[in-house]
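Reviewing the structure listed below.
The values are calculated or read from the model by the stated rules, or taken from the named source; none is laboratory data. Source: prediction; values computed, not measured. In this analysis, Cβ positions are derived from the backbone assuming ideal geometry, glycine residues included, and neighbour counts consider all displayed protein chains.
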């Protein structure tokens, strides 16, 4: 079941959902709009290695915007810091962003109960497109959880993305044992 705007507000009031900064005008019927931060990052190496720590180079979006190029993966982040303690957050791209040919996530659209951070976006595009800090980029949809939770993300020993940061985080796949 997807939470309605009223249920999202109730969860915010009870601190089961945290959105900072929160802007009431960004609340839709059953979602909350999130915005692109000024931080982007690109991987430094042309070939990425799943068993290695692939380093990134930070890019700050200037006031005049930044042109994304096809064939390049950009890591971005949301301006909003979020916490979710009673529901499963899903991040979907806004249709207006999709109509510009921008994808905001390759595979990581679902968060876990207990996720507490800014969202890292895996941004790609089909043709050059200029993006801006603060532009609406996605929407969070919250799904109710049935049953008690034993393993909150922010309390897992092996959680890799719990360091609070407004900047995009590179892949931590290298921390897995395989």
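Quick look at the numbers
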{"quantity": "Residue check for residue 95: in contact (Cβ under 8 Å) with a residue 12 or more places away in the chain, under 17 Å from the mean Cα position of the chain (by Cα) and either surrounded by fewer than 17 Cβ atoms within 10 Å (Cβ to Cβ) or over 26 Å from residue 177 (Cα atoms) (or both)", "calculated": "no"}
{"quantity": "Single match in 104, 17 (criterion: more than 27 Å from residue 175 (Cα to Cα), crowded, with 18+ Cβ neighbours inside 10 Å and under 18 Å from the mean Cα position of the chain (by Cα))", "calculated": "17"}
{"quantity": "Count of residues meeting criterion [in a loop (DSSP other than H, G, I, E, B), in contact (Cβ under 8 Å) with a residue 60 or more places away in the chain and out of contact with any helix residue (DSSP H, G or I) (no Cβ under 7 Å at 6 or more places or on another chain)] in the range 50-62", "calculated": "3"}
{"quantity": "Qualifying residue in the range 11-33 (condition: closer than 16 Å to residue 133 by Cα and either part of a strand (DSSP E or B) or modelled with pLDDT under 95 (or both))", "calculated": "yes"}
{"quantity": "Test: residue 112 is farther than 13 Å from residue 138 by Cα and either surrounded by fewer than 21 Cβ atoms within 10 Å (Cβ to Cβ) or in contact (Cβ under 8 Å) with a residue 12 or more places away in the chain (or both)", "calculated": "yes"}
{"quantity": "Among residues of the range 139-155, those that are free of Cβ contacts under 8 Å to residues at least 40 places away in the same chain and within 16 Å of residue 116 (Cβ to Cβ), counted", "calculated": "2"}
{"quantity": "Count of residues meeting criterion [part of a loop (DSSP other than H, G, I, E, B) and either under 13 Å from the mean Cα position of the chain (by Cα) or closer than 21 Å to residue 42 by Cα (or both)] in the range 63-92", "calculated": "8"}
